[in-house]
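Accompanying notes for the structure given below.
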Amino acid sequence: MIYSAILVASVVSLIAFAIERFSRVSGVPSVIVMIATGLASRPLLKATGLALDGLESLFLSLVPLAWS
C-alpha cells in the first residue's frame, strides 16, 4: 500500500509539473490550465472505466458548512 501511495503522489506531482510548464510556454495562467485539466479528466476517467468514487465525500467533509 505504501508503494502505491508513493506512485500516485509521484504521478500527481509530475502531472502538476507538466501543467505548470505548459502554462509557462503557452502564456495561459496555470490556474486556468489546471481547472481545464480537472474538468477534462472526469469524462476521460469515466470513459476508461476508472473511478474516483470517494472524492466527493472527501471534499464535502473537508469543506466547512458555511455554504449551507
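As an exercise, use a Förster radius of 22 Å and the Cβ-Cβ distance of residue 32 and residue 12 to find the FRET efficiency, rounded to the nearest 0.05. Don't skip to the end; give the middle numbers.
Values: r = 19 Å, r/R0 = 0.86.
So the FRET efficiency works out to roughly 0.70.
Just to verify a number: FRET efficiency for residue 46 and residue 25, C-beta to C-beta distance, R0 = 30 Å, to 0.05?
On the way: r = 29 Å, r/R0 = 0.97.
Calculated value: 0.55.
The numbers here are math on the coordinates, done by the rules we state, and not lab data. Note that the structure is a prediction, hence the values are computed from the model and not measured. Ideal geometry is used to build each Cβ from the backbone, glycine not excepted, and the neighbour counts take in all protein chains shown.
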